[in-house]
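Have a look at the structure below, then the notes.
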Amino acid sequence: AKLTIGFIGLGNMGGPMAANLVNAGHTVRVFDLNKAAVSELEAKGAMAASDAAECAIGVDIFISMLPASKHVKSLYLGETGLINLLDSKTLVIDCSTIDAESARQVGIELAQKGIDFVDAPVSGGVAGATAGTLTFIVGGEHRHFEKAKLALVDMGKNIFHAGDIGAGQVAKICNNMLLSILMAGTSEALQMGINNGLDPKVLSDIMTASSGRNWTLELYNPCPGVMETAPASNDYKPGFMVDLMAKDLGLAMEAAQQSNSSTPMGSMAKNLYTMLQHQGAGSDDFSAIFKLFSK
Ligand code: NAD
């Protein structure tokens with residue numbers, strides 16, 4: 001069935017995700033603080049809303065794709081929050097990567113007003129968002145998960161139900177901690193090869209067919225020139241920003257502390273990404289960690 005969907009946050013991920021909902025035939029109302037992003041979606045067939053309220057009132061499904069917890073909490077909660085405007089028939093899906101505790105808080109407060117909520121962070125990057133092949137990791141009640149799928153299937157390929165509200169965020173943070181470790185490790189291995197006279201393209205082919213194979217090597221090579229379509233070959237234009245990866249690693253370290261988990265590799269990656277931010281690379285793609293190793 002075709003739905004009326006509200007979508008807020010048309011950035012690197014949200015823009016192509018909303019475009020896929022339009023292409024699937026849904027009526028999509030869009031809003032972003034960045035007017036250019038709204039116009040771009042309007043040109044693709046979405047309806048431009050002039051503010052968050054106009055985007056959200058009366059829709060079947062409302063989706064947010066914002067940078068961090070503070071943006072999500074201020075969108076939904078408090079006196080000026082959408083919590084006071086959303087219809088009780090609307091299912092809210094937050095696809096942003098935020099801490100599980102904030103997701104639970106938003107979910108509980110919305111539930112008190114009779115509004116259904118799931119957290120549904122994504123994996124797959126801008127390429128996955130554009131191709132409609134994202135992985136969604138959903139936390140919430142089973143019947144809400146089933147309803148969320150009506151929209152998520154048009155943006156993604158793998159849709160998992162991880163558990164109750166917040167569980168999507170926990171799984172996502174585990175994944176991104178591992179991703180950051182793989183990106184750092186792949187970078188240092190490639191640079192060591194280069195420093196010892198190897199062609200990084202040849203070395204990448206070898207490791208992709210060997211036991212060092214991983215997602216960053218195969219689909220998101222951090223060494224400029226190895227992979228035409230990777231951010232590394234486009235001046236590290238994001239993609240997925242260093243600032244956002246640093247945020248996710250902060251969430252991972254909080255989760256580790258709360259659960260008394262030992263995460264030495266994750267804490268090393270957190271420190272490397274913080275260092276990269278201090279060098280002014282916060283808005284670069286997260287594969288720019290390669291620059292910490294290159295000469
Ligand atoms: P982005 O910064 O490109 O986009 C965020 C958008 O939200 C911007 O267009 C901004 O103008 C808008 N925005 C912020 N506050 C707003 C508000 N109050 N009202 C309306 N619009 C508002 O970020 P992104 O890369 O699209 O990432 C979004 C989320 O997805 C983050 O939580 C990130 O961690 C996660 N994520 C990103 C990737 C990736 O590869 N980029 C992959 C998986 C998950």
For Cα pairs less than 8 Å apart in space and 6+ apart in sequence, what is the mean separation divided by the residue count of the chain, i.e. the relative contact order in percent? 13
What list of ³J(HN,Hα) couplings, whole Hz, do you get for the range 92-99 from phi and the Karplus terms 6.51, -1.76, 1.60, once you set θ to phi - 60° and write x for glycine and proline? 9, 10, 9, 9, 5, 8, 9, 6
Multiplying the sequence separation of residue 48 and residue 133 by 0.36 nm and subtracting their Cα-Cα distance, what value in nm do you get? 28.1 nm
Please give the FRET efficiency for residue 258 paired with residue 108, using the beta carbon to beta carbon distance and R0 = 22 Å, rounded to the nearest 0.05. 0.75
Using modelled backbone amide H atoms (1.01 Å from N, in-plane), which distant-in-sequence or interchain residues come within less than 5 Å of residue 159's amide H? 136
Please find the FRET efficiency linking residue 150 to residue 189, where r is the Cβ-Cβ separation and R0 is fixed at 51 Å, and quote it to the nearest 0.05. 0.75
With a 29 Å threshold on alpha-carbon distance, the violating pairs from 35/247; 44/270; 157/295; 44/149; 35/70 are 44/270; 157/295
Give me 135, 208 ranked fewest to most by other Cβ atoms within 10 Å of their Cβ, as a rough exposure proxy. 208, 135
Work out the P(r) tail for the range 87-201: percent of alpha carbon pairs separated by more than 26 Å, whole number. 31
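Indicate the helices, whole DSSP H runs only, in the chain that combine a mean Kyte-Doolittle hydropathy of -1.0 or more with a Cα extent along their long axis of 27 angstrom or more.
Both cut-offs are met by 167-195.
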Most fluctuating residue given options 284, 154, 51, as computed from a GNM of the chain linking Cα atoms under 10 Å: 51
Say we join alpha carbon atoms closer than 10 Å with springs in a Gaussian network model of the chain; which of 107, 163, 212 then has the biggest fluctuation? 212
Along the range 82-89, Karplus-curve 3J(HN,Hα) (6.51, -1.76, 1.60; θ = phi - 60°) to the nearest Hz, with x for Gly and Pro, reads 5, 3, 8, 10, 5, 6, 6, 7
Tell me what the chain gives for mean residue ellipticity at 222 nm when only DSSP H runs of n ≥ 4 count, each as -39,500 (n - 2.57), the sum divided by the residue total, rounded to 500 deg cm²/dmol. -14500 deg cm²/dmol
Gap separating the Cα centres of the range 69-84 and the range 155-226, nearest whole Å: 34
Enumerate the amide H contacts of residue 29 below 5 Å, restricted to partners 5 or more residues apart or on another chain; note that Pro and chain-start residues carry no placed amide H. 5, 6, 7, 47
In nm, to one decimal, how far is the modelled label at residue 268 from the one at residue 84, with both set 7 Å along Cα→Cβ? 5.0
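All of the numbers you see were taken from the coordinates with simple rules; none came from a lab. Since this is a predicted model, take the numbers as computed values, not measurements. Counting neighbours? That spans all protein chains shown, and the Cβs are built from the backbone with ideal geometry, glycine included.
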